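**Q** One structure is given below, represented as structure tokens, and several questions about it will come after.
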Amino acid sequence: MPHKQYQKSSQSPPSPSLADIPDQAISDLIEKLWSHEPDRRPSLVELQEILRDISPQLDEEITQKEVENRGNQSDSERINSNRSNSGSRGRGE
């Protein structure tokens, strides 16, 4: 297992590529959180502020993607999706 190899050799696993993250604000945040210099990492209060700042932007992006996905669904797929979502309500789940 690769994880055990890193434990034995005391090396950190390589960081994933930030190039795969389309949102620049999220990419910047992750880069700060992964900083090798602790002083460059945001405090919990700073992290909360950053997340509050980018939250509306993320909500908008998610909503746009949901609308696009719904536009790509057929009527029967939407009905089945709504049925499956409503089936779990009211059962304490």
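**Q** Beta carbons within 10 angstrom, averaged per residue: use that to sort the peptides 11-19, 56-64, highest first. The partial results should precede the final answer.
**A** Values: 11-19: 9.2, 56-64: 10.8.
Output ranking for 11-19, 56-64: 56-64, 11-19.
**Q** Here is a further query. Would you check the accessible area of Glu46, probe 1.4 Å, heavy atoms only, in square angstrom rounded to 10?
**A** About 90 Å², ignoring ligands and nucleic acids.
**Q** For Leu58, what charge total do you get from the other residues with a beta carbon under 12 Å from its beta carbon, if Lys and Arg give +1 and Asp and Glu give -1?
**A** -3
The values are calculated or read from the model by the stated rules, or taken from the named source; none is laboratory data. Worth saying up front: this structure is predicted, and the values here are computed from it rather than measured. Reconstructed Cβ throughout: ideal geometry from the backbone, glycine too, with neighbour counts over all protein chains shown. SASA here: full protein model, heavy atoms, side chains in, ligands and nucleic acids out. Shrake-Rupley method; radii C 1.70, N 1.55, O 1.52, S 1.80 Å.
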